[in-house]
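The values are calculated or read from the model by the stated rules, or taken from the named source; none is laboratory data. None of these values were measured; they are calculated from a predicted model. When we count neighbours, we look across all protein chains shown, and the Cβ atoms used for this are built from the backbone with ideal geometry, even at glycine. Keep in mind that these areas ignore ligands, DNA and RNA; they rest on the heavy atoms of the full protein, side chains included. Shrake-Rupley method; radii C 1.70, N 1.55, O 1.52, S 1.80 Å.
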Amino acid sequence: METHYPGSLLEFLEGELCAKLTPETRFASVVEDSLSFLQLMLDVREKFGPISNEQLTSIETVGDLLRHYELAEVT
Amino acid sequence: MIAVEPQKAIGRVTFATEPLAKWFFDARPLFPLHYEELAMNQDAIKLDLDASRYEELEEKGALHIATVRDNGELVGYFVSFLMPHLHYASAGTMAYTDMYWLKPRYRTGYGAKLLLYVEHCWRQLGCTKAYLSCKVKQDHTAMFKLLGFELSDFFFVKLLR
């Protein structure tokens with residue numbers, strides 16, 4: 001998997017959302033609206049690699065996203 | 001003093017394709033909220049969903065209903081019609097947006113997820129092209145463009161009586 005961002009996914013998310021995050025943090029509690037969520041996920045996809053639209057619909061927490069990319073790295 | 005019931009935390013939110021009867025029953029309390037928020041010309045045109053015509057469309061395989069549920073409670077929906085375009089009959093099935101709505105407190109990412117889910121369904125159902133719109137007073141242009149939609153029409157309405 002090609003990564004263009006020099007830091008970790010968690011660091012990237014914290015920087016984008018200007019918030020301290022844990023794996024349990026729900027995106028719905030830290031994003032402003034659906035547009036912000038979508039923009040963030042598209043930025044994540046661009047910087048950290050593939051995630052399908054279908055998979056995005058099941059991303060509820062920061063941990064869900066971290067797990068997706070950890071699995072992607074293993075495979 | 002009015003007692004305000006505390007809002008319960010958002011639970012497990014799921015997206016699904018559901019039959020008309022199930023959605024319609026659960027959505028009835030939401031329709032007036034949807035109507036009040038978005039319908040135009042409310043003095044002249046009252047909310048009156050034609051269930052029998054929706055049933056006809058469902059029987060013809062021309063209706064798709066995507067739902068958003070929070071621990072089973074209906075909190076949003078996206079309804080579309082699937083049928084060939086009259087001008088391009090050989091081009092396959094087109095997806096036409098009928099209506100969509102999400103409870104305001106879920107507009108923190110779940111709206112985008114609903115659109116992603118619906119697009120996934122349209123593709124799975126073999127649709128050739130999708131038609132999506134929004135109200136001028138609730139402009140989703142930026143989100144639609146991010147999802148790959150392009151602006152193609154301006155749509156005007158005029159009350160005639």
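Descriptive notes on the structure:
- Most positive-pole-ward Cα, A:HIS68, B:LEU33, B:GLY148, against dipole of the protein assembly as shown from beta carbon charges: B:LEU33
- A Förster radius of 25 Å combined with the Cβ-Cβ distance from B:GLN138 to B:THR14 puts the calculated FRET efficiency at roughly 0.55.
- All alpha carbon pair distances within chain A were sorted into 5 Å bins beginning at 0; the resulting P(r) in whole percents reads 3, 15, 31, 30, 16, 4, 0.
- Accessible area per residue, Å², the protein assembly as shown with all protein chains present, probe 1.4 Å: 62
- Largest first, the residues B:HIS140, B:HIS34, B:HIS87 sort by 1.4 Å accessible area into B:HIS87, B:HIS140, B:HIS34.
- The protein assembly as shown - percent of accessible surface contributed by carbon and sulfur, probe 1.4 Å: 55
- Alpha carbon convex hull of chain B, volume per residue in cubic angstrom: 160
- For the protein assembly as shown: lysine pairs under 22 Å (alpha-carbon distance), excluding those fewer than 8 apart on one chain: 25
- Using the Cβ-Cβ distance between A:ASP64 and B:GLU37 with R0 = 45 Å, the FRET efficiency computed as 1/(1 + (r/R0)^6) comes to roughly 0.90.
- According to the Kirkwood relation over distinct C-alpha pairs, the hydrodynamic radius of the range B:72-127 is 12.5 Å.
- Total accessible surface hidden between B and A, rounded to 100 Å², 1.4 Å probe: 1500
- The label point for A:GLU46 and the one for A:THR22, both projected 7 Å from the Cα toward the Cβ, are 3.2 nm apart.
- Here is how the number arises for chain B: DSSP H runs of 4 or more residues each give -39500 (n - 2.57), the sum is divided by the residue count, and the result at 222 nm is -8000 deg cm²/dmol.
- Members of the range B:74-119 that become less accessible by 50 Å² or more once partner protein chains are added (1.4 angstrom probe, chain alone as reference): B:THR108, B:LYS113, B:LEU116
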